[in-house]
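One structure is given below, encoded as structure tokens.
The values are calculated or read from the model by the stated rules, or taken from the named source; none is laboratory data. Since the model is a prediction, treat every value here as computed from it, not as a measurement. As a convention, Cβ positions derive from the backbone with ideal geometry for all residues, glycine included, and neighbour counts pool all protein chains shown. SASA here: full protein model, heavy atoms, side chains in, ligands and nucleic acids out. Shrake-Rupley method; radii C 1.70, N 1.55, O 1.52, S 1.80 Å.
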Amino acid sequence: MDFMRILKSLEELLYEVMVLLVFYPRTLWLTLRHPQRMMDYADTELGDVQSEQYTDTLSPPLFLMISLAISHGIELAVHSTIPAAQQTKLLATSENLLLFRVFAFSLLPLALSLRLLAGLKIDLTRETLRAPFYAQCFITAPFALSIGLAFSLRHYSHDVRDLAGTALIVTSTAWFLWQQASWFVEKLGFGFWRGLLAAVFATILAAIGMMAVGFVIVELT
């Protein structure tokens, strides 16, 4: 009986892994092609029963985590080892470094979601925060993937690759802020420039949070 249960678990694991090969690129394509629609989709899916949520895409937090894992894997392939500047005791392993990056980039959806709730004057609870956080994960995932790829390109001393990495950082950041501004325009009724200012401010706060956490880790280790 135990042996059959193990086989069943392995069968489910194999299926879930294979499903990722299909639904990760599908989710990435839909997010790049229809970013605002995917953010609305995150809201509506949370209204379904749990077993019926995100049946045709990956769930947003999983999408973000896989995107960071892919960029992390590419960086390790490029560097072969963890960059020396990041080799604190706590971040000395690839797994810990990946966990830190997942936490750090998750501050972006958190900061922008909190800004939305404040603008809507909605009480902050675990449930009211969930929908905007999930929506933000859809947008943050391709941004995080692009930033990781850009820094991998900049690792090379070749001028063309360094320029391509810089261009990718600028382009992905502009895309990210544009989507955030559009989101605030739709949800809060802001004008575009006010929405962009709100997006930039929330993003800067998240970046400060990332740096603060990194500083604490370095100091503690």
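Mind checking which residues of segment 107-152 are charged (D, E, K, R), part of a helix (DSSP H, G or I) and over 20 Å from Leu62 (Cα atoms)? Show your work before the answer.
If we filter segment 107-152 for residues that are charged (D, E, K, R), which is where we start, we get 115, 121, 123, 126-127, 130.
Remaining after also requiring part of a helix (DSSP H, G or I): 115, 126-127, 130.
Selection gives Arg115 alone.
Identify all residues within segment 170-195 that are out of contact with any Gly (no Cβ under 8 Å at 6 or more places or on another chain), among the aliphatic types (A, V, I, L, M) and either open to solvent by 40 Å² or more (accessible area, probe 1.4 Å) or not in a helix (DSSP H, G or I) (or both); write none if there are none.
Of everything in segment 170-195, those that are out of contact with any Gly (no Cβ under 8 Å at 6 or more places or on another chain), among the aliphatic types (A, V, I, L, M) and either open to solvent by 40 Å² or more (accessible area, probe 1.4 Å) or not in a helix (DSSP H, G or I) (or both) turn out to be Val170, Ala174.
Starting from residues that are open to solvent by 10 Å² or more (accessible area, probe 1.4 Å) and under 10 Å from the mean Cα position of the chain (by Cα), keep the ones in segment 105-133 and report whichever is nearest to Ala42 (Cα to Cα).
Residue satisfying both the conditions and the ranking: Ser106.
Any idea how many residues of segment 68-100 are at pLDDT below 60 and either on the phi < 0 side of the Ramachandran plot or surrounded by 13 or more Cβ atoms within 10 Å (Cβ to Cβ) (or both)? Before you say what the answer is, go through the steps one by one.
Quick first cut of segment 68-100, residues at pLDDT below 60 only: 80-87.
When the remaining residues are screened for being either on the phi < 0 side of the Ramachandran plot or surrounded by 13 or more Cβ atoms within 10 Å (Cβ to Cβ) (or both), the result is 81-87.
Residues that pass the stated criteria total 7.
Filter segment 205-220 down to the residues that are farther than 23 Å from Ile122 by Cβ and either open to solvent by 30 Å² or more (accessible area, probe 1.4 Å) or at pLDDT 95 or above (or both) and list them by number. Break it down stepwise before answering.
Let us first name the residues in segment 205-220 that are farther than 23 Å from Ile122 by Cβ, namely 207-208, 210-220.
Within segment 205-220, Ala207, Ile208, Met210, Met211, Ala212, Val213, Phe215, Val216, Val218, Glu219, Leu220 qualify.
I need the full set of residues from segment 1-57 which are open to solvent by less than 50 Å² (accessible area, probe 1.4 Å) and small (Gly, Ala, Ser), in order please.
Ala42, the sole residue that qualifies.
Does segment 162-181 hold any residues that are at pLDDT 95 or above and either over 15 Å from Phe143 (Cα atoms) or aliphatic (A, V, I, L, M) (or both), and which are they?
Selection gives Ala174, Leu177, Ala181.
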